[in-house]
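Trainee: What follows is a structure written as structure tokens; I'll ask about it next.
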There are 8 protein chains.
Amino acid sequence: MKSVLVIMGSDSDYAIMKNGLKQLQTWGIPFEAHICSAHRTPQKAAQLAAEAKSRGFGVLIAAAGLAAHLPGVLAAGTTLPVIGVPLASGPLAGVDALLAEVQMPSGIPVATVAINGAVNSAILAAQILALEDKHLAACLEAYKLELKDKVDKKDRGLAQQLAADGLA
Amino acid sequence: MKSVLVIMGSDSDYAIMKNGLKQLQTWGIPFEAHICSAHRTPQKAAQLAAEAKSRGFGVLIAAAGLAAHLPGVLAAGTTLPVIGVPLASGPLAGVDALLAEVQMPSGIPVATVAINGAVNSAILAAQILALEDKHLAACLEAYKLELKDKVDKKDRGLAQQLAADGLA
Amino acid sequence: MKSVLVIMGSDSDYAIMKNGLKQLQTWGIPFEAHICSAHRTPQKAAQLAAEAKSRGFGVLIAAAGLAAHLPGVLAAGTTLPVIGVPLASGPLAGVDALLAEVQMPSGIPVATVAINGAVNSAILAAQILALEDKHLAACLEAYKLELKDKVDKKDRGLAQQLAADGLA
Amino acid sequence: MKSVLVIMGSDSDYAIMKNGLKQLQTWGIPFEAHICSAHRTPQKAAQLAAEAKSRGFGVLIAAAGLAAHLPGVLAAGTTLPVIGVPLASGPLAGVDALLAEVQMPSGIPVATVAINGAVNSAILAAQILALEDKHLAACLEAYKLELKDKVDKKDRGLAQQLAADGLA
Amino acid sequence: MKSVLVIMGSDSDYAIMKNGLKQLQTWGIPFEAHICSAHRTPQKAAQLAAEAKSRGFGVLIAAAGLAAHLPGVLAAGTTLPVIGVPLASGPLAGVDALLAEVQMPSGIPVATVAINGAVNSAILAAQILALEDKHLAACLEAYKLELKDKVDKKDRGLAQQLAADGLA
Amino acid sequence: MKSVLVIMGSDSDYAIMKNGLKQLQTWGIPFEAHICSAHRTPQKAAQLAAEAKSRGFGVLIAAAGLAAHLPGVLAAGTTLPVIGVPLASGPLAGVDALLAEVQMPSGIPVATVAINGAVNSAILAAQILALEDKHLAACLEAYKLELKDKVDKKDRGLAQQLAADGLA
Amino acid sequence: MKSVLVIMGSDSDYAIMKNGLKQLQTWGIPFEAHICSAHRTPQKAAQLAAEAKSRGFGVLIAAAGLAAHLPGVLAAGTTLPVIGVPLASGPLAGVDALLAEVQMPSGIPVATVAINGAVNSAILAAQILALEDKHLAACLEAYKLELKDKVDKKDRGLAQQLAADGLA
Amino acid sequence: MKSVLVIMGSDSDYAIMKNGLKQLQTWGIPFEAHICSAHRTPQKAAQLAAEAKSRGFGVLIAAAGLAAHLPGVLAAGTTLPVIGVPLASGPLAGVDALLAEVQMPSGIPVATVAINGAVNSAILAAQILALEDKHLAACLEAYKLELKDKVDKKDRGLAQQLAADGLA
């Protein structure tokens, strides 16, 4: 299986992105994670993007806040799919990061997920890699069932809660 | 090669999405396009999503405006990657569609591109399919060079324009 | 009297929606409440909507946050009135949920109330059901008087507070 | 059948709201329409709201732009359900009207539909009245099928368009 | 001197508005304060507005949050100037209240101040009443000098702070 | 009667503000109008503000677009009430001007009206001046009746229009 | 004098930026202009930034729309001041470009001017270069007087216009 | 070397701006800091701007929140470059201040940095002054390397953290 290259703009992003990394690990998807800034280490960012394909990566995940250029800068340097995770750092609650990631000009897409959507970036990466990996595809099907089961369980829990609250 | 399932919420979306379909065609990527609404034909939407994998699709592209539920509704029904294209229909210029597509809850990602980003949705689909298709990967590399060449050509054109405008 | 079907996208929505359920209970309006996600349990959502009328429901209330598709997805599956409650979960304070619920395309309305407007969703449901229920209509008239009386009482309390603060 | 009271804040709103009136007429729903401003004719607005129930109305639809107080002012004066239609007049494209209608305080809901959602306001009114009107309920079921059929027809039309454009 | 009629939509608004009342008191401006809701006590609101002039008021101040109709509803019922104070209650931080107050249609202005701008509403009321009250006008001139002196004093304090912080 | 000082930031603002000047003229309110920029002619702006009271003005109206500092800069230089008119010039449709005018810090209020609210700025000025001018007060009462009559007339016109459109 | 490096993300930006180039030319400030995209020609962008200082440039101006990364990407590659011009291309009227340029993380500033602020970018560049160029400083002082004179002239023109319109 | 004039609208801004002053001090850039309000001490603001050049300043930094006119007011009074720092005070999280600073009309630019971007304002000032100061230019080059080194160090720290978290 190809692996996933996860790049965060700052070490403060790790608290959010850790959840995505755990999800990748759960499914046995190999990944490599880095702190790399589009503005402070632009050459490293360019190098990571340029070498990503030859080093065996299949998907990039880039997470950044504020004027979040990192996913776009990586997408400029590779033809691999790049997933962008806008982070809600700073006073604008991630709206700045969302627009800076999703509004890419024609020719250089960034596959943007929700603000702070670390887990969804991992799932999206898995969905992409699963196209050629039957085991991973099965994991995703099972995960979808788990999601359903959790909601069904919560629904049963609600019935109990309503009874406890005198609402049933 | 797996093919791409392109779904538009309304026939008025075709004017924008046609550019994406042309891009897919240019690269020889097989696709099937439909008008299907999350709200008016929900069962068909559910069916298209449920059958997508077994029918040989590898990626879904869903384009919608306003409260754009289509990409999320399709993502609910498949483990294939779903690309969302928010469309700028209505008075809010696509902000409603953007938020309704990108802010998906954990577990069900939508890979959102820019408002009206039809071409980028096609490129992203191609990037995903190219992971296992060397010819398509080469097409994407060539396309990236073309983008560069076009900008370089425009830069040379600017020099002429500046001279014509007495600014050089 | 017809009853109300209340559906929440997540169990974390219960803290807000409980206030609406209490209001329904106060007026003796029968209701059934569920956790059901448009994206994690889409079939259950479709089923709940499809069977709502035959099961004796008159109104649906759907509460969700982020890309809040739940009310629209339910409205797609029934001709009963669907009330949407946008919830302020996530960094965008419910603006995403508001737009995802209220900006429904022509043909499939969602009767949207304020962000976190659980009580108002219950009142709106009661107003609808009261059209053919004189007792409930009387309850609503009495409630309106109570609202007035509470404000009048607060106005009298203000006079005391002003005196206590040396402002009268 | 109870009838619908439709109130527009200005005569310039009629161009949009006419589509809703036509929808009501199609289904044989009796309605009465007025121009009445929350700010220029507040007493008439209060009177219309106060008398609405005794005059046989079951639902109010109120459409206004800018600081759109009309639906809320009407809701203050009746316990009938009030549907609000925010209109995109002025430079803010209806965002002002949307927030002024949907963000009602607890106790006085306004059932808000999309910006310029005249047809949806009519459908919502019909859904409410249909709770006790089997013929109207059947009309709504038929309308839902029509919506589906139109999309299916558009989908077939797309196949032709794709062929015409050399994309199929 | 004419007096000021201060109306708050809810008792929870008093914590903010108290600062404005203190300012009025400081300058010896007579005022009367009420809790009165545009939606819960509309008749009282209409009555307060209708009688304001004959009862000797010269200016109204109205403070409300969310879909803040109170200032506009009062302005509909009087030709006295009405000052609106949008309050930052609820998840939208007062943007809803600001738009619902300031975007009044032609004919019925509301003199809107900043979100939570209780003190500024009092100063604006004083500026209006000072047009025919030389003592109050002198108070305002003195207040302007105080504002200046406070800033000058803070500037001197900054010099000390910079020295303490080793920055001077 | 005191007169009104109307200041526009640019000559392009006159097309909008002319409607306000006409309203002042209709009521016989003396006014003086200037083009004066907070940024291009700051000294003239400061002088106009400083001399306004001694020159017999009672109210200032300031209209500007973009980063609309003009009303605030004038308010800094006078204790007369300053009315701000945000203008919808530029790509942000006046949101920039609205926030730059209304969000004044404590101590220096600007009485802000709607975006492009030229007529309302004139009415607000008239309301302020009418506090000590019985004739003007009567004009405002008459104007309020005219507004009402116009709406009533439009309401009768609607009845005719509905008949013409086959909707009555 | 050091010269100015002006970089546009697309040739469609020239229509706006030409006004800035003319301003530079008027003051005799040498400049070099290029079309260069942060995403399509990232290496050229990096090279232009890296060589800017040694090639004699003193300031960079970068103009781009949508997810406008160009100014930030250039700022990442030089210690020269970089001025960003957000352009109002696309449905979001330049809000996306504004946030993507101004919200730069700590360490890498972009001196952002108004949306479409081409002339202001040139003036800012001139202000920077004028610190060590007395002739250019004098030009800027003269320009400031011209701005003042133009407003004064417009003010006199307003007097004539008011007379022509019967408003004086 | 020319020095930097740093002006804050309020003493509460010092907590943020201190970080910028420290950065200036680190590089040995002389500065003078003041509390001065565009609205409370407009004459002092005008004087500071008017005398800035003759007193040996090369750059102004102005920080303010809400309707942040301070940078624009200073820019109106000098031809030196003025850097604006929007501050996130008040309920709108600095969006008001950002628009009030960046959207300056043609002729009077403000070089706006990020909301709360105190350090970036200092770096931008340093970049400007470094054009004619080789030592400072070297400091900036060194700082850029430090930024890079810090990110590289954080990247190595991430490797350790991943190992500690069982993710590597």
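The values are calculated or read from the model by the stated rules, or taken from the named source; none is laboratory data. Worth saying up front: this structure is predicted, and the values here are computed from it rather than measured. Glycine also receives a Cβ, built like all others from the backbone with ideal geometry; neighbour counts cover every protein chain displayed. SASA here: full protein model, heavy atoms, side chains in, ligands and nucleic acids out. Shrake-Rupley method; radii C 1.70, N 1.55, O 1.52, S 1.80 Å.
Trainee: Among (1) within 29 Å of A:I7 (Cα to Cα); (2) at the interface with another protein chain (Cβ under 7 Å from one of its Cβ atoms); (3) within 19 Å of the chain's Cα centre (by Cα), there is one condition H:A118 misses while meeting the rest; what is its number?
Mentor: That leaves (2) as the condition not met.
Trainee: Is it the case that some residue within the stretch A:57-80 is under 25 Å from H:G166 (Cβ atoms), assigned to a loop (DSSP other than H, G, I, E, B) and at pLDDT 95 or above?
Mentor: Within the stretch A:57-80, not a single residue is under 25 Å from H:G166 (Cβ atoms), assigned to a loop (DSSP other than H, G, I, E, B) and at pLDDT 95 or above.
Trainee: Are any residues in the stretch B:40-52 of a type outside the set (K, R) and outside any helix (DSSP H, G or I), and if so, which ones? Spell out how you get there, then give the answer.
Mentor: Just the residues of the stretch B:40-52 that are of a type outside the set (K, R), to begin with: B:41-43, B:45-52.
B:T41, the sole residue that qualifies.
Trainee: Another one. Give the stretch F:119-150 a look and list any residue that's touching a strand residue (DSSP E or B) at 6+ places or on another chain (Cβ under 6 Å) and either under 30 Å from D:W27 (Cβ atoms) or among the aliphatic types (A, V, I, L, M) (or both), or say none.
Mentor: F:L124, F:A125, F:I128, F:L129, F:L131
Trainee: Inside the stretch E:26-69, can you point out the residues that are hydroxyl-bearing (S, T, Y) and either within 14 Å of chain D (Cβ to nearest Cβ) or touching a strand residue (DSSP E or B) at 6+ places or on another chain (Cβ under 7 Å) (or both)? Outline the logic, then answer.
Mentor: As a first pass, look at the stretch E:26-69 and keep what is hydroxyl-bearing (S, T, Y): E:26, E:37, E:41, E:54.
Within the stretch E:26-69, E:S37, E:T41 qualify.
Trainee: Looking at the structure I just gave you, is D:L21 touching a residue at least 60 places away in the same chain (Cβ under 8 Å), in contact with a Leu (Cβ under 6 Å, 6 or more places away or on another chain) and not small (G, A, S)?
Mentor: Values: touching a residue at least 60 places away in the same chain (Cβ under 8 Å): yes; in contact with a Leu (Cβ under 6 Å, 6 or more places away or on another chain): yes; not small (G, A, S): yes.
Against the criterion (touching a residue at least 60 places away in the same chain (Cβ under 8 Å), in contact with a Leu (Cβ under 6 Å, 6 or more places away or on another chain) and not small (G, A, S)), D:L21 qualifies.
Trainee: Considering only residues that are more than 18 Å from D:L124 (Cα to Cα) and touching a residue at least 40 places away in the same chain (Cβ under 8 Å), look in the stretch C:70-113 and name the one that is surrounded by the fewest Cβ atoms within 10 Å (Cβ to Cβ).
Mentor: Taking the candidates together, the pick is C:S89.
Trainee: Kindly provide the set of residues from the stretch C:123-139 that are without any contact (Cβ under 8 Å) to a residue 40 or more places away in the chain and of a type in the set (A, V, I, L, M, F, W, C), ordered by number.
Mentor: Matches in the stretch C:123-139: C:A130, C:L131, C:A137, C:A138.
Trainee: May I pose another question? For C:E146, state whether it is surrounded by fewer than 18 Cβ atoms within 10 Å (Cβ to Cβ) and of a type in the set (D, E, K, R). Talk me through it step by step, then tell me what you get.
Mentor: On the way: surrounded by fewer than 18 Cβ atoms within 10 Å (Cβ to Cβ): yes; of a type in the set (D, E, K, R): yes.
When the stated conditions are applied, C:E146 passes them.
Trainee: Looking at the stretch H:158-168 only, could you name the residues that are part of a helix (DSSP H, G or I) and open to solvent by 30 Å² or more (accessible area, probe 1.4 Å)? Please lay out each step first, then the result.
Mentor: Initial filter on the stretch H:158-168 (part of a helix (DSSP H, G or I)): H:158-164.
Answer for the stretch H:158-168, where residues must be part of a helix (DSSP H, G or I) and open to solvent by 30 Å² or more (accessible area, probe 1.4 Å): H:A159, H:Q160, H:Q161, H:A163, H:A164.
Trainee: Sticking with this one: Looking only at the stretch G:71-91, which residues are of a type in the set (A, V, I, L, M) and in contact with a helix residue (DSSP H, G or I) (Cβ under 7 Å, 6 or more places away or on another chain)?
Mentor: First, pick out the residues of the stretch G:71-91 that are of a type in the set (A, V, I, L, M): G:73-76, G:80, G:82-83, G:85, G:87-88.
Correct list: G:V73, G:L74, G:A76, G:L80, G:V82, G:I83, G:V85, G:L87.
Trainee: Something else: Across the stretch A:1-39, what is the total count of residues that are closer than 12 Å to A:L136 by Cβ and part of a loop (DSSP other than H, G, I, E, B)?
Mentor: Selection size over the stretch A:1-39: 6.
Trainee: Could I ask something else about it? Quick one: in the stretch B:1-25, of everything that is within 14 Å of chain C (Cβ to nearest Cβ) and open to solvent by less than 20 Å² (accessible area, probe 1.4 Å), which residue is nearest to B:I61 (Cα to Cα)? Spell out the reasoning first.
Mentor: So in the stretch B:1-25, the residues within 14 Å of chain C (Cβ to nearest Cβ) come out as B:8-13.
Restricting the remaining residues to those that are open to solvent by less than 20 Å² (accessible area, probe 1.4 Å) gives B:8-9, B:13.
Numbers: B:M8: 8, B:G9: 11, B:D13: 13 Å.
The qualifying residue nearest to B:I61 (Cα to Cα) is B:M8.
Trainee: Can you say whether D:E101 is part of a helix (DSSP H, G or I) and over 30 Å from E:S12 (Cβ atoms), as far as the supplied structure shows? It would help to see each step written out before you state the result.
Mentor: On the way: part of a helix (DSSP H, G or I): yes; over 30 Å from E:S12 (Cβ atoms): no.
When the stated conditions are applied, D:E101 does not pass them.
Trainee: Moving on to the next point. Go through the residues of the stretch D:128-138 one by one and say whether even a single one is farther than 26 Å from B:P91 by Cβ, more than 9 Å from chain C (Cβ to nearest Cβ), open to solvent by less than 10 Å² (accessible area, probe 1.4 Å) and assigned to a helix (DSSP H, G or I).
Mentor: Yes, some residue in the stretch D:128-138 is farther than 26 Å from B:P91 by Cβ, more than 9 Å from chain C (Cβ to nearest Cβ), open to solvent by less than 10 Å² (accessible area, probe 1.4 Å) and assigned to a helix (DSSP H, G or I).
Trainee: Something else now. Out of the stretch B:101-114, which residues are of a type in the set (V, I, T) and more than 7 Å from chain A (Cβ to nearest Cβ)? First the steps, then the outcome.
Mentor: Narrowing the stretch B:101-114 to residues of a type in the set (V, I, T): B:102, B:108, B:110, B:112-113.
Passing the criteria: B:I108, B:V110.
Trainee: Separate question: Applying the selection to the stretch D:38-56, what residues are open to solvent by 10 Å² or more (accessible area, probe 1.4 Å) and farther than 18 Å from E:S37 by Cβ?
Mentor: Of everything in the stretch D:38-56, those that are open to solvent by 10 Å² or more (accessible area, probe 1.4 Å) and farther than 18 Å from E:S37 by Cβ turn out to be D:R40, D:Q43, D:K44, D:Q47, D:L48, D:E51, D:K53, D:S54, D:R55, D:G56.
Trainee: Give the residue that is farthest from A:V102 (Cα to Cα), with candidates limited to residues of the stretch G:70-91 that are within 14 Å of chain H (Cβ to nearest Cβ) and hydroxyl-bearing (S, T, Y).
Mentor: G:T79
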